[in-house]
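Single-structure report; data block below.
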Amino acid sequence: MKVTRKAILDKTHYGLNVYSFILRQHYPGETVLSLSGRDCKPAKNPFNNHKETLVVRIVDGCARHTDSENWEFQGDVFDFAELAFQLSGQELLDKINEVMHLKLDEEKNFYRNKILPQKAVELISKTMDAPLVSYFKNPVQNTIPFQEMSLVQIYRKIKSDAFKSQTEKLRTIQDKKEARKYKSSNFHYATFSGTFSKRSDAELKEHSGLLTVDFDHLEDVSALKEKLLLDEYFETEMMFVSPSGDGLKWIIPIDLSQASQQEYFQAVFNYVKHTYGFSIDESGKDVSRACFLPHDAEVYINPKYL
């Protein structure tokens, strides 16, 4: 499978992860890029004596750069990578794919060796593009799913005003016990790890290939969100602020052909602790884990789904 520019942009958050990867080679252990909206704060430029003059921003779905001291130093992520790797064209795309372990040249569809009717191929493609999860209506004691929804449908619900009133109400409740009671009674929820006939690990119908990582009681939600979106190893499928307002739900892909969900969770737990210094909610290891759905106008979804 030929690696394309579009595939790289889709896989690397418009190319921001490519900038981050290259800069990390020059400045290991440092925060090399920090998001502010769709732009990044000025960063060190290895091609301008390591001065903090590099400005990266997203323009028309592609990360681009300029230098605040040198107006001639400008271009897109592939121009920057060409300087770093001293390659161009298809060789450059293949190099990015190789060093960042994007695996864009690998066919992931396990139906590839079978001949299927065109309609079946279309249905498979749609399912792969937008994982399905079970959607439950409140209260949390209700364990029978209301319907199956795609990740995009859940994203649109969170982004809309569907859950706005209960989210705002919850954030006014100071008593923790009352807040938990209100949340469990008034919030709909989803099981992001798959579809279920009933919310129970034993009642799993089909795994979505997703894992929910739950960060609670954060001092700076926005700062961690920026870092996770630029994470070198895990691609963000969806991310939103928790109902309480002081946490994050980070939904990432896992490959169950390599390890179980519980094994993946332990690896992610250790990685997050070592890399970001945070502990995550251990309930994420449960396949049937309930995730309450709040209102978040800034909810993130991987651009490949849109």
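Below, the figures for the structure above:
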quantity	calculated
Protein accessible area in the range 164-249, 1.4 Å probe - carbon and sulfur %	42
Accessible-area ranking of THR31, THR143, THR167, largest first, probe 1.4 Å	THR31, THR143, THR167
Charged-residue dipole, Cβ positions (Lys, Arg, Asp, Glu), the chain about Cα centre, Debye nearest 20	1120
Sequence-distant lysines (8 or more away, or on other chains) whose Cα lies within less than 20 Å of LYS177	LYS169
Heavy atoms of TYR233 accessible to a 1.4 Å probe, total area in Å² rounded to 10	150
Surface per residue (accessible, 1.4 Å probe) for the chain, Å²	53
Contact order relative to length of the chain, as percent, for alpha carbon pairs under 8 angstrom and 6 or more apart	18
Of LYS181/LYS227; LYS44/LYS273; LYS103/LYS198; LYS2/LYS159; LYS95/LYS225, pairs whose Cα-Cα distance is over 30 Å	LYS181/LYS227; LYS103/LYS198; LYS2/LYS159
Karplus (6.51, -1.76, 1.60) ³J(HN,Hα), θ = phi - 60°, over the range 252-260, in Hz, Gly and Pro reported as x	10, x, 10, 10, 6, 6, 9, 6, 6
Cα-centred dipole magnitude for the range 209-284, charges only on beta-carbon of K, R (+1) and D, E (-1), debye, nearest 20	20
Mean separation of Cα contacts under 8 Å (6+ apart) over length of the range 212-276, as relative contact order %	33
For HIS295, residues with placed amide H under 5 Å, excluding near neighbours	THR167
Distance from the range 43-61 to the range 266-282 (C-alpha centre basis), Å	30
SER208, SER260, SER222, reordered so the largest accessible area comes first (probe 1.4 Å)	SER222, SER260, SER208
Cα gyration tensor of the chain - equivalent ellipsoid semi-axes, whole Å, descending	35, 25, 17
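The values are calculated or read from the model by the stated rules, or taken from the named source; none is laboratory data. Keep in mind that this is a model prediction, so the values were computed, not measured. Here the Cβ is made from the backbone with ideal geometry for all residues, glycine too, and neighbour counts use every protein chain on show. Accessible surface areas use protein heavy atoms only, side chains included; no ligands, DNA or RNA. Shrake-Rupley method; radii C 1.70, N 1.55, O 1.52, S 1.80 Å.
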